[in-house]
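Asker: Here's a structure for you.
The values are calculated or read from the model by the stated rules, or taken from the named source; none is laboratory data. Bear in mind the structure is a predicted one, so any value in this text is a computation, not a measurement. Because the Cβ atoms are built from the backbone with ideal geometry, glycine has one as well, and the counts that use them run over all protein chains shown. Only protein heavy atoms, including side chains, enter the accessible area calculation; ligands, DNA and RNA are left aside. Shrake-Rupley method; radii C 1.70, N 1.55, O 1.52, S 1.80 Å.
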Amino acid sequence: MHVLHRPEYPTRRIAVRATFLVLLALSSLFGVMCGLMLVYSIDLPQMNDLVRFHPNTTTDLLDIHGKEIGSFALERRVVLPYTEFSPVLRQALISIEDKTFERNWG
């Protein structure tokens, strides 16, 4: 019985190894990206939590006449509605976050 031998092409062997290495690198990158997404998404708040969010504000101490005599807080925040932001601040925030904010549907 006669066995047929295929001729060996060195370029084919190199192409197979290169393809294997590229696929290995892509699957490793995909795994790393999935792992990072999982790690960083664990601490994200849920939408319902954001609706009920009330930031810590400063507690003001008043005397019997209503005059402020002191204040204390863990975080010194002043809560303002969006309408009280200066137009320059609004434009700066929008330009940093999303240049197409006022033109897109989202």
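Asker: Can you tell me which residue is modelled with the highest pLDDT among those in segment 65-83 that are open to solvent by 100 Å² or more (accessible area, probe 1.4 Å) and under 23 Å from H54 (Cβ atoms)?
Answerer: By that ranking, first place goes to E68.
Asker: Please indicate, with yes or no, whether at least one residue in segment 44-57 is open to solvent by less than 100 Å² (accessible area, probe 1.4 Å), in contact (Cβ under 8 Å) with a residue 24 or more places away in the chain and assigned to a loop (DSSP other than H, G, I, E, B).
Answerer: For segment 44-57, residues open to solvent by less than 100 Å² (accessible area, probe 1.4 Å), in contact (Cβ under 8 Å) with a residue 24 or more places away in the chain and assigned to a loop (DSSP other than H, G, I, E, B): present.
Asker: Do we find that L93 is out of contact with any strand residue (DSSP E or B) (no Cβ under 6 Å at 6 or more places or on another chain) and either at pLDDT below 85 or surrounded by 10 or more Cβ atoms within 10 Å (Cβ to Cβ) (or both) in this structure?
Answerer: Yes, satisfied.
Asker: Scan segment 14-28 and tell me whether some residue there is in a loop (DSSP other than H, G, I, E, B) and basic (K, R).
Answerer: Within segment 14-28 (the criterion being in a loop (DSSP other than H, G, I, E, B) and basic (K, R)), the answer is no, since none of the residues qualifies.
Asker: (1) over 21 Å from the mean Cα position of the chain (by Cα); (2) surrounded by 10 or more Cβ atoms within 10 Å (Cβ to Cβ); (3) without any contact (Cβ under 8 Å) to a residue 12 or more places away in the chain: which one isn't true of S86, the others all being true?
Answerer: Unmet for S86, out of (1) over 21 Å from the mean Cα position of the chain (by Cα); (2) surrounded by 10 or more Cβ atoms within 10 Å (Cβ to Cβ); (3) without any contact (Cβ under 8 Å) to a residue 12 or more places away in the chain: (2).
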